[in-house]
Structures are given as structure tokens and as C-alpha cells.
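> Could you have a look at this structure, given as C-alpha cells, before my questions?
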Amino acid sequence: MRILVIGRGGREHVIVWSLNRSQRVSQLYCAPGNAGIAQLAECVPIAESEFDKLAEFALQEKIDLVFVGPDDPLADGIVDHLESKGLKVYGPRKNAAEIEGSKVFTKHLLRKYNIPTAAYEAFDDYEQALAYLRAQKLPIVVKADGLAAGKGVIIANTLEEAEQALQDIMVSKVFGESGSRVVIEEFLSGQEMSILSFVDGEVVRPMIPSQDHKRAYDGDKGLNTGGMGTYSPVPHIADSIVQEAIETIIKPTAKAMVAEGRPFRGVLFAGLMITDEGPKTIEFNARFGDPEAQVVLPLLQTELLDIVEASLDGRLADVDIQWSDGAAVCVILASGGYPGSYAKGLAIEGLEQVDALVFHAGTAEQDGKLVTNGGRVLGVVGQGQTIAEAREKAYAQADRIHFEGKHYRTDIANKALV
Ligand code: AMP
Ligand code: GLY
């Protein structure tokens with residue numbers, strides 16, 4: 001089979017690595033890819049947003065399957081576009097990707113179908129939003145409606161912070177048109193957990209749970225990032241709670257999307273808060289998480305390609321999906337300054353001494369040398385029988401890699417060491 005993966009981050013590296021485990025793959029391309037992906041696939045210099053060029057390339061190269069990694073092209077309808085050219089594509093169509101692309105859409109859906117989530121109101125008028133905000137209890141959560149690179153959510157502990165957030169989003173438009181509408185919602189407290197599932201219409205095949213660390217620094221300090229590290233499974237949350245989340249949130253949501261005429265096909269990512277009243281939805285994403293994929297996919301024993309093909313053939317309910325009973329921990333090595341401004345083009349050394357999976361997030365090759373090329377640079381994945389073992393391995397190997405300004409959190413998976 002000839003496969004094209006779309007994207008350029010650590011998530012796409014692990015997707016390429018996972019697909020590449022199948023004997024049936026004869027040719028792998030990635031557009032645009034990165035220096036790590038280039039070791040497994042041929043990288044094609046076409047951006048994720050260039051739908052016409054991607055379609056032209058895929059038709060010319062007789063691509064049998066296109067796998068879309070990131071959220072932006074999904075929200076912009078890349079699947080519909082490529083399908084209209086006769087290509088086979090794994091990922092949700094535009095009307096289903098809206099579950100990530102619009103928080104207002106998703107909150108209304110959850111309310112309509114009685115699916116547990118934080119209480120909320122949505123506004124497109126600044127004055128009305130402000131009046132509502134002033135009448136709420138603190139802390140309160142203010143969210144831009146659209147995609148905002150993971151930065152459109154503000155948890156405000158004071159009214160001043162909340163008003164500032166609203167002003168930034170709706171008036172100053174710091175997230176552009178994503179901020180024309182806002183969701184103001186109740187603050188939920190509890191343990192967080194993510195469950196990604198392969199979904200095709202009403203068929204839901206959950207993956208093993210995982211957990212990200214979004215803040216830049218240890219102890220959940222600093223700004224939100226795309227994700228500084230993950231672990232899987234999540235042993236401190238009982239299986240019964242995981243099952244409850246699947247039965248009360250994920251399956252009903254897949255069903256609701258079908259009822260709304262927006263059947264979801266692809267990877268549905270549920271971000272959950274385990275509250276005293278049970279699991280509640282924080283958000284849905286329409287794709288693999290990054291870096292959730294870097295811990296979940298190495299634990300998948302079945303070939304990813306078998307699952308994707310079964311899904312495209314309408315056989316997702318029947319495919320046998322096996323998971324390792326071990327654990328994986330991913331530590332992200334980031335550029336100094338990330339998520340603020342940072343330098344690029346710094347030499348990366350020591351990779352050849354690493355005895356673990358390393359997925360490239362922001363790297364490039366310059367004059368035959370590997371250099372940094374993004375905020376998140378590499379993800380080092382340790383595996384073991386337990387989280388403790390996987391964690392120790394990830395950190396031991398992460399220490400062997402060097403670049404100027406390298407920073408990483410030292411407390412990834414600490415919560416799971418119980
Ligand atoms: P999101 O982009 O919706 O995943 O939000 C980013 C992060 O903000 C989540 O991972 C949570 O840690 C936090 N968050 C979002 N909504 C809430 C909420 N209603 N209550 C508490 N924390 C929240
Ligand atoms: N790691 C969070 C995300 O991919 O949205």
C-alpha cells in the first residue's frame with residue numbers, strides 16, 4: 001500500500017512509525033514531515049493547508065490511503081476535499097471535525113443529548129458575556145470558540161482576570177475570529193484523563209487512557225503549551241471510572257453526532273475531568289493528541305493500519321485490537337523560551353546514544369546536521385512494565401540528548417506513582 005501522512009509534528013512521527021510496522025506498506029510519504037520522519041518516510045514539501053497540491057500529489061503517486069494528523073486542516077475540510085477527488089482518507093469530515101473546531105457547537109451538543117459536562121453559557125455579544133461573567137462564582141473558565149493552538153482557554157481566579165480574558169478574546173481578538181464567540185463555563189475540579197477512541201459512526205473502540213501535562217513548568221506552573229509530556233495507562237483512576245466515561249460520555253457523543261447527521265470517522269479524543277459527581281467532558285478533539293499519541297501508539301500491539309483499514313471498510317466493530325499491559329512515558333524536550341519566543345537552528349547532539357523511542361516534533365536537517373526547528377523539539381518515550389519503570393527510562397535517555405537551552409519538566413507521570 002502507498003500511504004501519505006499529513007503533518008509535521010511528534011504525533012505524525014509516531015503515526016508514521018506505527019503504520020510502518022505493517023508489512024503491507026510499500027511506500028510511505030509525509031507532507032511536510034520533519035527530520036525524524038524523514039528516516040522512515042519520504043518527506044514532501046507541501047504544507048498541510050495546501051489541499052489542491054496535496055490532492056494532486058496523492059493522485060499522481062497513486063496513494064491508497066491518506067492519514068491526516070493535525071486539527072487545522074481537519075477543521076478546514078481537508079477530508080471532504082481529498083474525498084471529492086476520489087482519494088481514501090482517514091479522519092473526520094469537516095462537519096464532524098467541528099466537535100473540536102467549535103466549542104460552542106460541542107457544548108450545545110452535549111447539553112442537547114444530556115452528556116455530562118461543565119455548566120456553561122455561550123455568547124457572541126461582549127456586553128452580554130460580561131454581564132453573565134460578573135454574576136458567576138470564581139474560579140471561572142473563559143474559552144474562545146474556535147481553534148487557538150491550545151491557548152484559547154483561560155482559568156480565571158479573580159474577576160479582573162476573567163474580564164481581561166473576555167476583553168482579550170472578544171475585543172482585542174488575540175485569537176482572531178476564533179474569539180468571535182465565547183463559552184463561559186463552570187470550573188471543574190478533580191483528576192484529568194484523556195481517552196482516545198477509534199470511532200466510526202456509532203462504533204467506538206476506546207484506546208488505553210493517557211494523561212498530558214499542559215503547563216510549561218514543574219508543578220503545573222507557567223503558561224499552557226501544546227503538551228510537555230504524557231503517560232499511559234492512568235493507573236490511579238479505576239477501570240470502573242474509565243468504563244463509566246466510555247458509557248456516559250464517549251458512546252453517547254458518537255451516537256449524537258450520527259443523530260445530527262455528522263457521523264464521526266477517525267480518532268475522537270475526549271478530555272475528561274473525574275469530578276466527585278463522576279466523569280465530565282472538558283473537550284473533544286478530532287484527532288490523535290500530541291503527545292498522547294506518542295505513549296498510546298507504542299502500546300498498541302495490533303497494527304494501526306489494520307484498524308484504519310477496518311474502519312474505512314465499515315468493519316471497525318469486528319477488528320481485534322490488542323494492547324500491551326505495560327506502560328509508556330513521554331518526556332518532551334523543548335526549546336528554551338517555549339511557549340514564548342525561542343531560537344531555532346541549534347545543533348542537537350547525543351541522539352545516537354539513546355536507547356529509547358525518540359519522536360521528532362520540531363527538528364530539521366541543516367548542512368547534514370540535526371537542528372532544532374520548533375518549540376517542542378523531541379519526545380523521548382520510555383517503556384516498561386510499570387509507569388515507574390517507563391518514567392525512569394524516559395528520563396535517563398532524555399539526559400543523553402543535548403541542545404542549547406533544552407528544557408523539560410522533571411515531574412512527568414509523578415501523579416501516577418501511587
Ligand atoms: P482545553 O483546551 O479545553 O483542553 O482546556 C485546556 C485545559 O484547561 C484543560 O486540559 C483543563 O486542564 C483546563 N480546563 C478546561 N476547562 C476546564 C473546566 N471547566 N474546569 C477546569 N479546568 C478546565
Ligand atoms: N496534547 C493535547 C492535544 O493534543 O490537544
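> Go ahead and collect, in residue order, the members of the stretch 357-387 whose backbone nitrogen is under 14 Å from a label point 7 Å along the Cα-Cβ direction of Ala343.
Residues 371-374 qualify, since their backbone N sits under 14 Å from the label point.
> Going by the alpha-carbon gyration tensor, a ≥ b ≥ c the square roots of its eigenvalues, is the stretch 356-418 rounded (a/c under 1.5) or, if a/c is not under 1.5, prolate (a/b greater than b/c) versus oblate?
prolate
> For every helix of n ≥ 4 consecutive DSSP H residues, a contribution of -39,500 (n - 2.57) applies; sum these over the chain, divide by its total residues, and give [θ] at 222 nm rounded to the nearest 500 deg cm²/dmol.
-7000 deg cm²/dmol
> If Lys and Arg each add +1 and Asp and Glu each add -1, what is the summed charge of the other residues whose beta carbon sits under 12 Å from the beta carbon of Tyr342?
+2
> Length gain on complete extension for the stretch Arg315 to Tyr132, per 0.36 nm per residue less the alpha carbon to alpha carbon distance?
Result: 61.2 nm gained on full extension.
> So, one more: Rounded, prolate or oblate: pick one for the stretch 121-243, where a ≥ b ≥ c are the square roots of the eigenvalues of its C-alpha gyration tensor, a/c under 1.5 means rounded, and failing that, prolate if a/b is larger than b/c, else oblate.
It comes out prolate by the Cα gyration axes.
> Specify which residue in the list Thr253, Trp323, Ser311 is farthest towards the positive end of the charge dipole of the stretch 226-368, using unit charges on the beta carbon of Lys, Arg (+1) and Asp, Glu (-1), about the Cα centre.
Thr253
> Could you compute how fast the stretch 235-385 diffuses translationally, taking Rh as the Kirkwood radius over C-alpha pairs and applying Stokes-Einstein at 10 °C with viscosity 1.306 mPa s? Give it in µm² per second.
86 µm²/s
> Considering Cα pairs under 8 angstrom that are at least six residues apart, work out the relative contact order of the chain and quote it in whole percent.
16 percent
> Rounded to the nearest 20 Debye, what is the dipole magnitude of the stretch 173-313 about its Cα centre when Lys and Arg each give +1 and Asp and Glu each give -1 at the C-beta?
400 debye
> So, one more: Net charge within 12 Å of Ile169 by Cβ-Cβ distance, Lys/Arg positive one each and Asp/Glu negative one each, not counting Ile169 itself?
0
> Pick out, in residue order, every one of the trypsin sites (Lys or Arg not before Pro) in the stretch 40-113 that is DSSP loop and has at most 13 other C-beta atoms within 10 Å; say none if there are none.
Filter output for the stretch 40-113: Lys62.
> Among residues other than Ser232 whose Cβ falls under 11 Å from its Cβ, what is the net charge (Lys/Arg +1, Asp/Glu -1)?
Every neighbour counted, the sum reads -2.
> Cross-link list Lys280/Lys415; Lys94/Lys221; Lys103/Lys251; Lys173/Lys221; Lys251/Lys393; Lys103/Lys393: which exceed 30 angstrom alpha carbon to alpha carbon?
Lys94/Lys221; Lys251/Lys393; Lys103/Lys393, as the Cα separations exceed 30 Å there.
Rule-based calculations on the coordinates, nothing more; no lab input. Model, not experiment: these values are computed from the prediction. Don't worry about glycine lacking a Cβ; one is built from the backbone with ideal geometry, like all the others, and counts go over all protein chains shown.
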